[in-house]
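S.K.: One structure, as structure tokens, below. Some questions next.
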Amino acid sequence: MGTIVNVGAIAVGGLGGMLLGKYLKQSTQELLMKINGVCVLFLAISGSMESMLHGSFSMMLIVSLAIGAIVGDWIDIEGWLERFGAWLKQKSGNAKNKLFMEGFVTTTLTVCIGAMAIVGAIQDGVFHDPSTLYAKSLLDFIIVFVLSASLDVGCVFSAIPVGLLQGTITVLSSFLVFLLADGALDNLSVVGNVLIFCVGVNLIWPKTIKVANLLPALLIALFL
């Protein structure tokens, strides 16, 4: 139920933001976009600092991001994500919507990256406890509501990768329960929040960092 509620919260939040966004002038939407970026930056900083107080993560962070960037750029994860977004754009009848791709990619990276998505899905599958995903649903509702006010309908479709990611983890949760160990969770939280920080940077200064190409850093952090 956790993933189902989360997907529903993203869809409802996105649609609500779209309705509100129509009544905002262009300058207001641009300002709102930058404010979104600032909020995401502060959320990422607070999340990473909370975990880093438990120990030293400097070497792990540098190694994870460096190796993750090399692997992710070689695979070109961002390219795959953009091609999937382009396919959705055509199939959903939004071919003329210039903001669709930016909204889809930005929102997907914001709501998919982070420890809550992975750990919450495992808890839901192993312990039948969806409470973490319920909390994430509320956060995602607010985030997507605000993002879709300026980035339009593409944000709503971020519910699809969230459903696929968290649903798959829930199904495979019995094999992934080791991720609930404190060390793995702390590493995941630190690296995940740094990636979310990069998403915030892109909201303020568009297309500065290919965040999707850094996703392998999460796997490297878990391995370490």
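The values are calculated or read from the model by the stated rules, or taken from the named source; none is laboratory data. Nothing here was measured: the structure is a model prediction, and the numbers come from that model. Ideal geometry is used to build each Cβ from the backbone, glycine not excepted, and the neighbour counts take in all protein chains shown. Only protein heavy atoms, including side chains, enter the accessible area calculation; ligands, DNA and RNA are left aside. Shrake-Rupley method; radii C 1.70, N 1.55, O 1.52, S 1.80 Å.
S.K.: From the convex hull of the Cα coordinates of the chain, what is the mean projected area in square nanometres? Please list the in-between numbers first.
M.R.: Numbers: hull surface 46.0 nm².
Reported value for the Cα convex hull: 11.5 nm².
S.K.: Measure off, as a whole percent, the carbon and sulfur share of the 1.4 Å-probe accessible area of the chain, all protein chains present. Don't jump to the answer; show the numbers that get you there.
M.R.: Values: 8240 of 11310 Å².
Taking all protein chains in place, the chain shows 73 percent carbon and sulfur surface.
S.K.: How long, wide and thick is the stretch 1-77, going by the Cα atoms along their three principal axes, in whole angstroms, largest first?
M.R.: If we take the Cα atoms of the stretch 1-77, the spans are 47, 36, 33 Å.
S.K.: If you don't mind, another one. What number, rounded to the nearest 500 deg cm²/dmol, is the helix-based mean residue ellipticity at 222 nm of the chain, given -39500 (n - 2.57) per DSSP H run of at least four residues and division by all its residues? Walk me through the intermediate numbers first.
M.R.: Details: 11 runs with 174 residues, N = 224.
So the calculated ellipticity at 222 nm is -25500 deg cm²/dmol.
S.K.: Using Cα pairs closer than 8 Å and at least 6 residues apart in sequence, work out the relative contact order for the chain, in percent.
M.R.: Working: 355 pairs, mean separation 97.2, N = 224.
Relative contact order comes out at 43 percent.
S.K.: Using Cα-only point scatterers and the Debye equation, what is log10 of I(q)/I(0) for the stretch 177-224 at each q in 0.16, 0.20, 0.21, 0.24 Å⁻¹, rounded to two decimals?
M.R.: Taking Cα atoms of the stretch 177-224 as identical point scatterers yields -0.47, -0.65, -0.69, -0.80.
S.K.: P(r) for the stretch 32-158, please, calculated from all Cα pair distances in 5 Å bins and given in %.
M.R.: It works out to 2, 9, 14, 17, 18, 19, 13, 5, 1, 0, in whole percents.
S.K.: Where in the chain are the DSSP H helices whose C-alpha atoms run 27 Å or more along the long axis and whose mean Kyte hydropathy is at least 0.0?
M.R.: Details: long enough: 2-21 (28 Å, 1.57); 26-52 (39 Å, 0.71); 131-151 (30 Å, 1.57); 182-204 (33 Å, 1.43).
Passing helices, by number: 2-21, 26-52, 131-151, 182-204.
S.K.: Using a 7 Å offset from the Cα along the Cα-to-Cβ direction at both residue 205 and residue 28, what is the distance between the two label points in nm, to one decimal?
M.R.: 2.9
S.K.: Roughly speaking, what is the stretch gain from residue 12 to residue 126, that is 0.36 nm per residue apart minus the C-alpha to C-alpha distance, in nm to one decimal? Can you show the working numbers first?
M.R.: Values: separation 114, 0.36 × 114 = 41.04 nm, distance 2.76 nm.
Gain on stretching residue 12 to residue 126: 38.3 nm.
S.K.: Further question on the same structure: Within the stretch 91-130, whose backbone N sits under 20 Å from a point 7 Å along Cα→Cβ of residue 160?
M.R.: 91-113
S.K.: While we're on this one: Taking N as the number of residues in the stretch 113-224, what is its Cα Rg relative to 2.2 N^0.38 Å? Mind dumping the intermediate values first?
M.R.: On the way: Rg = 14.6 Å, N = 112, 2.2 N^0.38 = 13.2 Å.
In units of the 2.2 N^0.38 Å rule of thumb, it is 1.10.
S.K.: Sticking with this structure for a sec: Assuming 0.36 nm per residue, please report the length gained on full extension of the stretch residue 83 to residue 175 beyond their Cα-Cα distance. Intermediate values should be presented prior to the final figure.
M.R.: Details: separation 92, 0.36 × 92 = 33.12 nm, distance 3.03 nm.
Length gained, residue 83 through residue 175: 30.1 nm.
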